[in-house]
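Below is one structure, written out as structure tokens; comments come after it.
The values are calculated or read from the model by the stated rules, or taken from the named source; none is laboratory data. Nothing here was measured: the structure is a model prediction, and the numbers come from that model. Neighbour counts are summed over all protein chains in view; Cβ atoms, including those assigned to glycine, are modelled from backbone coordinates with ideal geometry.
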Amino acid sequence: MVALGLGIALCRRLAVRDMRRTSRFEDAFTLGLIGLIIASGFFLEGAKMVSPAAFDRMAADYFPAPDEAGMTALRAYWATDYGMVFPVESMPREAFTPENLDTGREISEMSCAPCHSPPASAFVSAPLSRLFAPAGAGLVDALWWLHVLACLFALAWLPFGKLFHILSTPVGLMLRGLDPGEAAARPDASAPLARAVGLDACTHCGICSRHCSVLPAFLALHTPEILPSEKLLTMRRLAGKSGKLTPAALAAFSEGGFVCTECMRCTVVCPSRINLQDLWLVSKREAARLGHPELSVRLRRFGPEVWERLARRKRPVDRTLAASPSLLDNPETFAQCVQCSVCTGVCPIFRLPDIPAAEVDVSPHQLMNLVRMGLAGHALSANFLWNCTTCYKCQEHCPQGIRVADVLYELRNLAHAKVEEAARAGLLDGMGTPSPDQGDVP
């Protein structure tokens, strides 16, 4: 059954595209280690079936005072029926007479059969013993050491690898509440322990990533940390002894964390019953504490001087994140706009009574006018662009059918592309990034 399970796991890793996408070296190493233990055990059992030394040890334990004739008869019977390989000089031809074989069978039934299973019951080792007999008889010691060392290595590696879920998953099941959503929202004194156990209980099976609602975002952005299974590995590194990530790894961790929609699909389908929803909420707070808040929060900190600095760059920005074809570059997008301000009138942001004036520095119809005049770079610094709730009321009520909300989305995508390109060039080092002790959480 273990060999069958190993085969299913291997086929799943190789044949299922989503599993190949998330498979790592540790997954292959774990399957290889289990396979080595199983294979060495099968070969060791097969070698013992044809080993005269194994037969002599067994005979000494269960047939303590044999005579030479009885031992010869027992060897002849085991060589004939069980495939045991004995040296030629110890097995004369006359030992295989019918009378001698009957004597050997009687001795075997009296001394061996009560506690010795028929070799045929070892349906894997028995055929192997016939394949490499008689050479396999001399490999018993080597196979024994290989099998024992593989088992000992697995036990030593148990606390540090994914096999630790054998112990941590039952503990996690006892610590987890019935409602993961309620447990994630309500403070709990045992939450840190449950989170630590949950990180160790992950088997990296990839089921959460296959059902993730933002899997299309990963296919477009190719950031592994968007997938729950990969994000959990990064969280484990962050919670480890060093507790440090490289700036690039921390940025990817933040991007993957804030792409998450908290739909709870991963929590529902997790076979280890890990409260992933709670871990994602913690990961977002931790990313913000370490200076990588949600991208919109970071972009909002950039003032006009930053956007002007980006606008002066001669290298064009790769707008792969923007809609295609681009609404901003098409004059027909704004040709029908008459600045009637209907979009501003229906905007829920402008209906809030106590909102600071700085948060509504530009109205929707003014923002459309900036873009229409080719001043999209100035529009990126408007606070309203990042305060927009994208409710689409402006677009739905526009009498000219202008795609106002879609333009706002494209402006955000353009800002994202500009910032990502500038960050790779090192132009934004120390700009718009809070210190770790600020704890700016959106």
Is at least one residue of the range 13-36 more than 14 Å from the chain's Cα centre (by Cα), more than 30 Å from HIS222 (Cβ to Cβ) and surrounded by fewer than 17 Cβ atoms within 10 Å (Cβ to Cβ)?
no
Could you tell me which residue of the range 233-249 is surrounded by the fewest Cβ atoms within 10 Å (Cβ to Cβ), considering only residues that are of a type in the set (A, V, I, L, M, F, W, C) and out of contact with any Ser or Thr (no Cβ under 9 Å at 6 or more places or on another chain)?
ALA248
Looking at the range 222-274 only, could you name the residues that are among the basic types (Lys, Arg) and out of contact with any Lys or Arg (no Cβ under 9 Å at 6 or more places or on another chain)?
LYS231, ARG236, LYS241, ARG265
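Per-residue answers, yes or no, for (1) touching a helix residue (DSSP H, G or I) at 6+ places or on another chain (Cβ under 9 Å); (2) under 26 Å from LEU139 (Cα atoms):
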{"position": "VAL2", "(1), (2)": "yes, yes"}
{"position": "CYS11", "(1), (2)": "no, no"}
{"position": "ASP27", "(1), (2)": "yes, no"}
{"position": "LEU31", "(1), (2)": "yes, yes"}
{"position": "ILE38", "(1), (2)": "yes, yes"}
{"position": "MET49", "(1), (2)": "yes, yes"}
{"position": "ALA59", "(1), (2)": "yes, yes"}
Might you check whether a residue that is of a type outside the set (Asp, Glu), surrounded by 13 or more Cβ atoms within 10 Å (Cβ to Cβ) and modelled with pLDDT of 90 or more occurs anywhere in the range 307-323?
no
Restricting to the range 22-59, what's the tally of residues that are among the basic types (Lys, Arg) and either in a helix (DSSP H, G or I) or over 30 Å from ILE207 (Cβ atoms) (or both)?
2
Name the one entry in ALA65, ALA95, ALA69 that is among the small types (Gly, Ala, Ser), at pLDDT 75 or above, in the same structural domain as SER40 (by TED's automatic domain parsing) and over 56 Å from the mean Cα position of the chain (by Cα).
ALA69
For the range 372-383, enumerate the residues that are surrounded by fewer than 20 Cβ atoms within 10 Å (Cβ to Cβ), free of Cβ contacts under 8 Å to residues at least 60 places away in the same chain and either not charged (D, E, K, R) or not in a helix (DSSP H, G or I) (or both).
MET373, GLY374, LEU375
Are any of the residues in the range 328-341 under 43 Å from the mean Cα position of the chain (by Cα), surrounded by fewer than 18 Cβ atoms within 10 Å (Cβ to Cβ) and in the same structural domain as ALA417 (by TED's automatic domain parsing)?
yes
Give just the number: which of (1) at pLDDT 75 or above; (2) crowded, with 20+ Cβ neighbours inside 10 Å; (3) not in a loop (DSSP other than H, G, I, E, B) does HIS292 not satisfy?
(3)
